[in-house]
Amino acid sequence: MLLSNSFTGELRGIFGDALVTDPAECLAYGYDNSRRQAQPHAVVFPTEHAQVAALVRACRAPRISLVARGRGTNTTGATVPVDGGVVVSLERMNRIVKIDADNRLAIVEPGVLNGDLQTALGAHGFFWPPDPTSSPYCTIGGNLACNAAGPRAVKYGSCRENTLGLRAVTGAGEEFRCGVNTTKGAVGYDLTRLLIGAEGTLAVITEATLKLTPKPTAKATLAASYADVAAATAAVARIMAQPVVPCALEFMDDEALRLARAHAGDAIPNAGALLIVEADGDAADLPRAVEALCAAARGAGLLDIRTAKNTSEAETLWAARRALSPALRTISPDKINEDVVVPVSRLPELIARLREIAAKYSIPIVNFGHAGNGNIHVNLLPRDAAEHARAEAALPEVFRSVIALGGTLSGEHGIGLAKRDYLVDALDPNALALMRRIKAQFDPDGILNPGKLLP
Ligand SMILES: Cc1cc2nc3c(=O)[nH]c(=O)nc-3n(C[C@H](O)[C@H](O)[C@H](O)COP(=O)(O)OP(=O)(O)OC[C@H]3O[C@@H](n4cnc5c(N)ncnc54)[C@H](O)[C@@H]3O)c2cc1C
């Protein structure tokens, strides 16, 4: 598909110099963290809502594909412009419009970086709960479109639980606001939750009203090491079955621990598995919370449980946890990183099943992640072409096992291109048919992020 001169002229009229058509300059906007790549024909950089609305309308008549892009950190190919067309990079719509402490909300443009927002909110004594590890370099728009989250989701939820309203433009060029400015609302269908996690296939988000949470005044971090993964995952279920909700409950298997020790040395225990358990709240209440979490963490297979003495000890644990993802790339530049999720009580079975699959296909699999949500990053690590082929062959078995355990394909990364073809196994056929009809309502010509999410 080549862009006609009249279409390019129309884009020039909307964007002036904020339009790029040189293939070399467009290249950088054709890939994402999935390491997939396709060449867009043009990239535009809106600075306001009206430009996005004009852009969608301009693309609609000639049916030019339009891919919204934050910072391209997603892992599923969700921003790769497989049909070429126009990439709309929201990076210049990066204003924090308002922080309203009285009403516990912030209004932001989609290109604001998650980390920048957290810094700004911190000065007001608040935070926005979604905390992907990529926080310093991913956008709120990208977070919303993927329903991103991180360790805090176990207590505070993901984007869906922390967003009050949105402003957006559908694929038909209709501009709309949805949701509320209040912390309650019972009026009509919840289009806000529908757009969150839609991966830019229904509408381009141009503004978000986010629900804020007061920052806790105190935090305690525990490291509980276990003889094996079965003991650790059984402890996760015990922790989640008692009333004190941890604000993080992270799991690392033995292989992940070996890598973490390479990063942080003896600060990481030499064990069969590790849980990082965090509690937050008022300083006065924290000791009771820690006691309850420790009691639940104790059980068969526990080797050691200790509380970080200070923030620097806690930070060492978290730095090792954060280093895992990049460390795996050094073992396998082509690592396949899934983020499956199962009910917490089924975690022991999931990990056992993953070990069987690793043995059957003879490929290393390293597991770690947000165990409190049952959300495990399953990393298949092929080191050569033969292992890569075996890893690809193992994937359907991983997904089938997850679904058989009552889980689903993704807890936070989304579907994109990478998992699109597995969706039929994960969704009720009637629900999938409804999703297709919703897509047709929002984007009748299929111009928004084509080829993503829906098989
Ligand atoms: C090192 C690393 C660590 C990570 N850790 C986590 C983690 O802990 N948790 C987690 O959930 N994810 C994690 N991710 C994945 C990724 O950072 C998140 O999915 C993030 O939300 C993507 O934001 P982005 O700005 O890069 O969006 P992009 O990758 O640019 O876009 C992602 C999707 O959002 C759509 N989109 C972007 N902006 C808009 C908009 N304004 N309107 C409509 N659609 C839009 C795109 O079309 C695409 O479908 C990690 C990634 C990396 C590289």
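The values are calculated or read from the model by the stated rules, or taken from the named source; none is laboratory data. None of these values were measured; they are calculated from a predicted model. Every residue, glycine among them, receives a Cβ derived from its backbone with ideal geometry; neighbour counts consider all protein chains shown. Surface accessibility is based on the protein's heavy atoms, side chains included, excluding ligands, DNA and RNA. Shrake-Rupley method; radii C 1.70, N 1.55, O 1.52, S 1.80 Å.
Restricted to region 163-176, and to residues that are within 16 Å of the ligand (Cβ to nearest atom) and under 24 Å from the mean Cα position of the chain (by Cα), which residue is most open to solvent (accessible area, probe 1.4 Å)? If we take residues in region 163-176 being within 16 Å of the ligand (Cβ to nearest atom) and under 24 Å from the mean Cα position of the chain (by Cα), then 167 is most open to solvent (accessible area, probe 1.4 Å).
Which members of region 177-225 meet the condition of being within 23 Å of residue 78 (Cα to Cα) and either in a loop (DSSP other than H, G, I, E, B) or more than 16 Å from the ligand (Cβ to nearest atom) (or both)? Correct list: 196, 197, 198, 199, 200, 201, 202.
Of all residues in region 364-382, which are more than 21 Å from the chain's Cα centre (by Cα) and open to solvent by less than 10 Å² (accessible area, probe 1.4 Å)?
Of region 364-382, the ones more than 21 Å from the chain's Cα centre (by Cα) are 364, 382.
Of everything in region 364-382, just one residue is more than 21 Å from the chain's Cα centre (by Cα) and open to solvent by less than 10 Å² (accessible area, probe 1.4 Å), namely 382.
Please give the strands (runs of 3 or more DSSP E) falling wholly within region 1-118 in which 2 or more residues are buried (at least 18 other Cβ atoms within 10 Å of the Cβ). Let's see the steps before the verdict.
Numbers: elements: 42-44, 66-69, 86-89, 96-100, 105-108.
Of the strands (runs of 3 or more DSSP E) lying wholly inside region 1-118, those with at least 2 residues that are buried (at least 18 other Cβ atoms within 10 Å of the Cβ) span 42-44, 66-69, 86-89, 105-108.
Among residues of region 92-117 that are at positive phi, those with a Cβ under 7 angstrom from a residue that is part of a loop (DSSP other than H, G, I, E, B), sequence gap 6+ or separate chain, pair up as 104/183; 104/212.
If you go through region 123-140 and keep only what is open to solvent by 30 Å² or more (accessible area, probe 1.4 Å) and in a helix (DSSP H, G or I), you end up with 136, 137. The residue pairs whose first member lies in region 132-144 and is touching a residue at least 12 places away in the same chain (Cβ under 8 Å) and more than 6 Å from the ligand (Cβ to nearest atom), whose second member is open to solvent by 10 Å² or more (accessible area, probe 1.4 Å) and in a helix (DSSP H, G or I), and whose beta carbons are closer than 6 Å, counting only pairs six or more residues apart or on different chains, are 135/115; 136/115.
For beta carbons closer than 6 Å, sequence separation of 6+ or different chains, a first residue in region 187-208 that is on the phi < 0 side of the Ramachandran plot and open to solvent by 10 Å² or more (accessible area, probe 1.4 Å) and a second that is away from the ligand (no atom under 12 Å from the Cβ) and hydrophobic (A, V, I, L, M, F, W, C), the qualifying pairs are 191/178. Please verify whether region 77-88 includes one or more residues that are closer than 30 Å to residue 180 by Cβ, outside the structural domain of residue 143 (by TED's automatic domain parsing) and small (Gly, Ala, Ser). Yes: one or more hits.
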